[in-house]
Amino acid sequence: MASADTTHQQGMAADSQQLEAYLGSLPGIGVAPLWESLADLVPVEPRTPDVPFVWRYAEVRPALLRAGELVSAEEAERRVLMLLNPTPSVAERGGTTSTLYAGIQLVLPGEVARAHHHVASAFRCVIEASDGAFTTVDGERAMMSPGDLVLTSNWRWHDHGNDSDDPIIWLDGLDVPLVNFFNANFFELYPDQRQKITKPDNFSTDLYIHGRLNPLSEPRADKHSPVINYPWRETERALRAAIDAGAESPVDGVIFEYTNPFTGGSVMPTLSCFVQAMRPGEHTQARRRTPSAVYHVVRGSGSTIIDGSEYRWEEKDTFCVPTWAAHEHINGSASDEAVLFSFTNQAVYTSLDLYREEVIERQG
Ligand SMILES: [Fe+2]
């Protein structure tokens, strides 16, 4: 006669076999048990495959110039080295992070990067340029200087030219991983290499950059900023004024967001751009946020502690901070300010009510 325990174990084995057969039958009808995936689908806090990384300008620049010898602008459409996250599943989608794309682009003297447009929105943060380098957007030529932020928003025609004697190099930032996630990207070539110039050079900069004076002759632009170029000379002026006034926060130092003059909100609905300056030796408070971020070092040197590991950066380097990673910046110089440009999808997170941030204890 079987004991109660043995009967129970036999029952369990039978149940286990039945359960296994049951689970094996589910893919055939296109379903899966939520109870085995719930913790992954609804995590206690955000998870990401992204990892932090620093792209060294000292390494990327020579590789990019070599591309200039091997690949023509015509062949390449855009001669860019993508800054790919080390995680293969992110890199396969062209991601610097899961939702952000960054690349370093080169246009040689005399070259034209022909006109096209796409639904993905983009900007250029200029790293190297001499007089005569420009981007044309919807009929306006924006002359480009180091530190300028140049927007080529959703579906705007844009081409790049370089009438100077030196290479122009910039950081490209796009929302490509996000737009492709939504399967919403379109692309089209302009009928000619260059689009027609229909406005005076730097038209939108001259018209809007004063900030509190919007020209009522122009249509109100609610989603995308009408400004093509936010020139560095204006950014520098604002940073200097804020530094002199002591308008800084322990988390960011002195920080500005580039804004749409009509709304005061982000420059584009999918991309939010920022610039911050840190005093010599400044060590910011630590923070984590739901949007991932890409930082570009405009000036200075230092490091960022990300989830307990220190990542050193030099002028013109680019680095990423994953979603919800604790991070704090350190200006490594005792005598000079450090200036960081950065971009995120903060406007997307905010508009969908997904934005969260926490200021936390320093890690270093
Ligand atoms: Fe483009």
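Miscellaneous remarks
- Which numbered condition T136 misses (of (1) within 16 Å of the ligand (Cβ to nearest atom); (2) open to solvent by 30 Å² or more (accessible area, probe 1.4 Å)): (2)
- Close pairs from the stretch 114-135: first farther than 14 Å from H160 by Cα and of a type in the set (A, V, I, L, M), partner open to solvent by less than 10 Å² (accessible area, probe 1.4 Å) and assigned to a strand (DSSP E or B), Cβ under 6 Å, at least 6 apart: I127/I169; I127/W170
- Just so you know, in the stretch 45-62 the residues that are over 14 Å from S98 (Cβ atoms) and touching a strand residue (DSSP E or B) at 6+ places or on another chain (Cβ under 6 Å) include one that is farthest from the ligand (Cβ to nearest atom), and it is V54.
- Qualifying residue in the stretch 150-161 (condition: modelled with pLDDT of 95 or more, among the β-branched types (V, I, T) and not in a strand (DSSP E or B)): no
- Residue match in the stretch 180-203 (condition: on the phi > 0 side of the Ramachandran plot and more than 24 Å from the chain's Cα centre (by Cα)): yes
- Taken over the stretch 192-233, the criterion of being surrounded by 17 or more Cβ atoms within 10 Å (Cβ to Cβ) and either free of Cβ contacts under 8 Å to residues at least 40 places away in the same chain or not in a loop (DSSP other than H, G, I, E, B) (or both) is satisfied by F203, S204, T205, L207, Y208, P226, N229, Y230, W232.
- Of the criteria (1) away from the ligand (no atom under 16 Å from the Cβ); (2) in contact with a Lys or Arg (Cβ under 6 Å, 6 or more places away or on another chain), which one E234 fails: (2)
- Restricted to strands (runs of 3 or more DSSP E) entirely inside the stretch 304-364, those with at least 1 residues that are open to solvent by less than 10 Å² (accessible area, probe 1.4 Å) are 309-313, 318-321, 327-331, 338-344.
- For R124, the stated conditions hold: it is basic (K, R) and within 20 Å of C273 (Cβ to Cβ).
- Whichever residue in the stretch 141-157 is surrounded by fewer than 24 Cβ atoms within 10 Å (Cβ to Cβ), over 18 Å from E234 (Cα atoms) and not basic (K, R) and, among such residues, is farthest from the chain's Cα centre (by Cα): W157
- Of all residues in the stretch 113-131, none are within 18 Å of Q193 (Cβ to Cβ), at pLDDT 95 or above, more than 11 Å from the ligand (Cβ to nearest atom) and open to solvent by 30 Å² or more (accessible area, probe 1.4 Å).
- Inter-residue pairs, beta-carbon under 7 Å, first in contact (Cβ under 8 Å) with a residue 60 or more places away in the chain and in the stretch 246-258, second in a loop (DSSP other than H, G, I, E, B), 6+ apart: V251/T284; V251/Q285; G253/R279; G253/E282; G253/T284; Y258/V267
- Pairs meeting the criteria (first residue in the stretch 145-168 and touching a residue at least 12 places away in the same chain (Cβ under 8 Å) and within 24 Å of S272 (Cβ to Cβ), second residue of a type in the set (S, T, Y) and in a strand (DSSP E or B), beta carbons under 7 Å, at least 6 apart or on different chains) are D148/Y230; L149/Y230; V150/T135; T152/T135; H158/T135; H158/T136; H158/T152; H160/T135.
- A single entry from V44, V54 fulfils the requirement of being loosely packed, with under 10 Cβ neighbours inside 10 Å and either among the hydrophobic types (A, V, I, L, M, F, W, C) or modelled with pLDDT under 95 (or both): V44.
- Reported count of residues in the stretch 158-176, each being open to solvent by 10 Å² or more (accessible area, probe 1.4 Å) and aliphatic (A, V, I, L, M), is 2.
- Within the stretch 65-91, the residues that satisfy the criterion of being away from the ligand (no atom under 13 Å from the Cβ), open to solvent by 30 Å² or more (accessible area, probe 1.4 Å) and over 17 Å from the mean Cα position of the chain (by Cα) are L65, R66, E69, L70, V71, S72, E74, E75, P88, S89.
The values are calculated or read from the model by the stated rules, or taken from the named source; none is laboratory data. Here the structure is a predicted model, which is why all the values come from computation and not from measurement. All Cβ positions, even for glycine, are placed from backbone atoms using ideal geometry, and neighbour counts span all protein chains on display. Keep in mind that these areas ignore ligands, DNA and RNA; they rest on the heavy atoms of the full protein, side chains included. Shrake-Rupley method; radii C 1.70, N 1.55, O 1.52, S 1.80 Å.
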